[in-house]
Amino acid sequence: MLGLGLAAIRDVVSFLRYAEQDSVGTPNPLASRLRGTIMYGVSQAGRLIRSFLDLDFNEDEYGHRVFDAMYPHLAAGRLPLNVRFGQPGTGYGQYENHRFPGYASPFTWLSIYDAVADQTAGLLERCSKSGTCPKLLQTVSSSEYWQGRMSLNTTEKTVSVSCVWSIISWRSWSVMRGSRVFGA
């Protein structure tokens, strides 16, 4: 049931982008008016974007690309949706949640071999086959880079994942992850 939200996002955006009317004849208010679509999410909503791609929801039921571009900001992993007792609100921690399967391979955009998981996979593997991959802008802080395993996108020596033209990854060192102002 947790993945139902991903299907709803896909279907609503696909309808607004491509359909002239719904199944009972109600006209689409945005028919032929959208030039493109962008999905943006911070932290957990950014993890939703990564899950959305990994589970191949960027392709609608007719084979169309749903989002042209995606911007997961401060998001390193995916949401634990396809696990028993899935809890999409859990996060990774340096000292907690080590046994909860929220941060499982793949971590990288492109397919690489993960020796720990003993698998070759990437978040863009499925959409690459269907030609529905979006352009990506990924921004992370030091927390996501080191604790959230985003370093694998730049430190894995078997493939240069930063050189793909449709993926831009920006790392901000020594900046605060959140937006709280102390003393205010």
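The values are calculated or read from the model by the stated rules, or taken from the named source; none is laboratory data. This one's a predicted model, so the numbers in the text were calculated from it and none came from an experiment. Glycine gets a Cβ as well: all are built from the backbone with ideal geometry, and neighbour counts include every protein chain shown.
Filter segment 44-85 down to residues that are of a type in the set (F, W, Y), in contact (Cβ under 8 Å) with a residue 24 or more places away in the chain and part of a loop (DSSP other than H, G, I, E, B), then give me how many there are. Full working, then the answer.
Keep residues of segment 44-85 that are of a type in the set (F, W, Y), which gives 52, 57, 62, 67, 71, 85.
This time we only want the ones that are in contact (Cβ under 8 Å) with a residue 24 or more places away in the chain, so: 52, 57, 62, 67, 71.
Still in the list and also part of a loop (DSSP other than H, G, I, E, B): 57, 62, 67.
The total comes to 3.
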Inside segment 67-83, can you point out the residues that are buried (at least 23 other Cβ atoms within 10 Å of the Cβ) and in contact with a Ser or Thr (Cβ under 7 Å, 6 or more places away or on another chain)?
F67, A75, R78, L79
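Just give me the residues in segment 1-43 being of a type in the set (S, T, N, Q) and in a loop (DSSP other than H, G, I, E, B), in sequence order. Before you say what the answer is, go through the steps one by one.
Step one: list which residues in segment 1-43 are of a type in the set (S, T, N, Q), which gives 14, 21, 23, 26, 28, 32, 37, 43.
Passing the criteria: S23, T26, N28, S32, T37, S43.
I'd like the residue in segment 129-138 that is over 13 Å from the mean Cα position of the chain (by Cα) and either hydroxyl-bearing (S, T, Y) or under 22 Å from L74 (Cβ atoms) (or both) and, out of all such residues, is surrounded by the fewest Cβ atoms within 10 Å (Cβ to Cβ). Working first, answer last.
Going through segment 129-138, the residues over 13 Å from the mean Cα position of the chain (by Cα) turn out to be 129-132.
Then keep just the ones that are either hydroxyl-bearing (S, T, Y) or under 22 Å from L74 (Cβ atoms) (or both); that gives 130, 132.
Numbers: S130: 13, T132: 21.
Looking at residues that are over 13 Å from the mean Cα position of the chain (by Cα) and either hydroxyl-bearing (S, T, Y) or under 22 Å from L74 (Cβ atoms) (or both), I get S130.
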Say we look at segment 44-78 and pick out the residues that are within 11 Å of the chain's Cα centre (by Cα) and charged (D, E, K, R); which of these is farthest from T108 (Cα to Cα)?
D56
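Give the residue that is modelled with the lowest pLDDT, with candidates limited to residues of segment 106-128 that are of a type in the set (S, T, Y) and surrounded by fewer than 17 Cβ atoms within 10 Å (Cβ to Cβ).
Going through segment 106-128, the residues of a type in the set (S, T, Y) turn out to be 108, 111, 113, 120, 128.
In the following step, the residues that additionally are surrounded by fewer than 17 Cβ atoms within 10 Å (Cβ to Cβ) were identified as 113, 120, 128.
On the way: Y113: 83, T120: 87, S128: 90.
By that ranking, first place goes to Y113.
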Let me spell it out: the conditions are (1) surrounded by 18 or more Cβ atoms within 10 Å (Cβ to Cβ); (2) under 25 Å from L4 (Cβ atoms); (3) at pLDDT 65 or above, and G102 meets all of them except one. Which number is the exception?
(3)
Starting from segment 138-151, take each residue that is aliphatic (A, V, I, L, M) and list its partners that are modelled with pLDDT under 70, counting only C-beta distances under 7 angstrom and pairs at least six apart or across chains.
V140/M150; V140/R171
Being modelled with pLDDT under 95, in contact with an Asp or Glu (Cβ under 6 Å, 6 or more places away or on another chain) and not aromatic (F, W, Y): is that true of A31 here?
yes
Does segment 27-58 hold any residues that are closer than 12 Å to V13 by Cβ and buried (at least 16 other Cβ atoms within 10 Å of the Cβ), and which are they?
N28, T37, M39, F52, F57, N58
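If I ask for residues that are in contact with a helix residue (DSSP H, G or I) (Cβ under 9 Å, 6 or more places away or on another chain) and farther than 18 Å from P134 by Cα, which ones from segment 108-120 would you list? I'd like the intermediate steps shown before the answer.
Kept after step one, since they are in contact with a helix residue (DSSP H, G or I) (Cβ under 9 Å, 6 or more places away or on another chain), are these residues of segment 108-120: 108-112, 114.
Hits for segment 108-120 are I112, D114.
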